[in-house]
Amino acid sequence: MYGPLKVFTGRSHPTLAQEICAILGVELGRISLYSFSDGENDVQIDENVRGADVFVIQPTSPPVNDNLLELLIMLDAFKRSSARRITAVLPYYGYARQDRKDKPRVPITSKLVADLISAAGADRVLTLDLHASQIQGFFNIPVDHLFAAPVIVRYLRELELDDLTIVSPDAGGVERARAYAKRLGATLAIIDKRRIAKNQTEVMHIIGDVEDRNVFIVDDIIDTAGTLIHSVEALMAKGARSINASSTHAVLSGVAVDRINNSPLDQVVVTNSMPTADKEAQCQKLRPLSIADLLSEAIKRIHSEDSVSSLFEM
């Protein structure tokens, strides 16, 4: 039904795109990307894509607005170049945390971004660990929503931690933490927190037993690391033996790296859904894991019209 498989990338995360292409055994597509002095983006596709099955790898990671707009312009370029099908591969979906109207007179920016991606020309979306699964419903095109859990759980099994307790840092992450605990044969604990301001939280209670246990905190995004560090402090106060953490998306903005370096955390496991090389150089506690195998397998199955259902499993 579709033409040849072609993979392109913007300037957001070319390293991940090159890794995916190496696994797929295809060359990274040729595209010229340029920014004018006033900040405008210019895109030109340097090869024929007429009738092709195009995958555009572009996590909308910081700087979010620049990478998002570059993605939209690339999608429009491929649409106008007569690509048969265009899939936006978003390992990290920016604005995912603005997914509901929880206060008067605020936008639902996740929905706006979904509309922009569709309008720009995407025929489907491949993404990873959305902050809220219902964001899939904001799109009027097919969405393949993968989970990084198999990659992280595999690494946790290699650690062979005894007396392991998986901790959800908030009520919204309970389903994710329960899935980890089930697969690792671990117990589950939940932190009851209250958000007192933007990027500021306060721990109220810990539900579950963490005393003298090896604790592993599971989250989807670490931004300023404020929630993470408050969780660590509360767990230490309750007598945790050791504390590790994981996050699919290592945003690590502001003072996040300093907070992690100065904390009792043994390590923070993250994926390369966005570039982390500069953060790794500053923080020896970061343990990056690659999602290239997971994404390349999904791309291969989508292109060949095979089922990707098994890849959704946590």
Pulled fully out, how much extra length does the chain show between V308 and D209, if you take 0.36 nm times their separation in residues and subtract their Cα-Cα distance? 31.9 nm
Expressed per residue, the solvent accessible area of the chain in Å² (1.4 Å probe) is about 46 Å²
FRET efficiency (R157, T187; Cβ distance; R0 22 Å; to 0.05) is 0.85
In segment 16-56, what percent of the accessible surface is made up of carbon and sulfur (1.4 Å probe, ligands and nucleic acids excluded)? 40 percent
Leaving ligands, DNA and RNA out of it, report the carbon-plus-sulfur percent of the accessible area of segment 73-141 at a 1.4 Å probe. 49 percent
In this structure, the FRET efficiency calculated for V255 and T109 from their beta-carbon separation, with R0 = 35 Å, to the nearest 0.05, is 0.90
With +1 on each Lys and Arg Cβ and -1 on each Asp and Glu Cβ, how big is the dipole of segment 1-45 about its Cα centre, in debye rounded to the nearest 20? 200 debye
Please give me, ordered by residue number, the GluC sites (Glu not before Pro) of segment 7-77 that lie in loop per DSSP and have at most 10 other Cβ atoms within 10 Å. E40
What lysines does K300 reach when the alpha-carbon gap must be under 22 Å and sequence neighbours fewer than 8 apart in one chain are set aside? K6, K79
Over 24 Å between alpha carbons, listed pairs K193/K279; K111/K285; K111/K279; K103/K182; K193/K238: K193/K279; K111/K285; K111/K279; K103/K182
Hey, rough spin-label estimate for R80 and A281, points 7 angstrom out along Cα→Cβ, what's it come to in nanometres? 3.7 nm
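Could you tell me whether the chain comes out rounded, prolate or oblate from its Cα gyration tensor? Rule is a ≥ b ≥ c as square roots of the eigenvalues, rounded for a/c under 1.5, then prolate if a/b exceeds b/c, otherwise oblate. Walk me through the numbers on the way to the answer.
Working: a/c = 1.98, a/b = 1.72, b/c = 1.15.
In terms of gyration-tensor shape, prolate.
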For D66 and E40, extending 7 Å from Cα along the Cα-Cβ vector and measuring point to point gives, in nm, a value of 1.8 nm
Can you give me the C-alpha center-to-center distance between segment 125-174 and segment 1-58, rounded to a whole angstrom? 27 Å
In terms of the charge dipole of the chain, which places +1 on Lys and Arg and -1 on Asp and Glu at the beta carbon, the residue among C21, S82, P275 farthest towards the positive end is S82
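Give the residue list of chymotrypsin sites (Phe, Trp or Tyr not before Pro) in segment 7-96 that are DSSP loop and have at most 12 other beta-carbon atoms within 10 angstrom.
On the way: sites: F8, Y34, F36, F55, F78, Y92, Y93, Y95; in loops: F36, Y92, Y93, Y95.
Here the chymotrypsin sites (Phe, Trp or Tyr not before Pro) that fit, given the DSSP loop and packing criteria, are F36.
The values are calculated or read from the model by the stated rules, or taken from the named source; none is laboratory data. As the structure is a prediction and not an experimental result, all values here were calculated from the model. Cβ atoms come from the backbone with ideal geometry, glycine included; neighbour counts cover every protein chain shown. Surface accessibility is based on the protein's heavy atoms, side chains included, excluding ligands, DNA and RNA. Shrake-Rupley method; radii C 1.70, N 1.55, O 1.52, S 1.80 Å.
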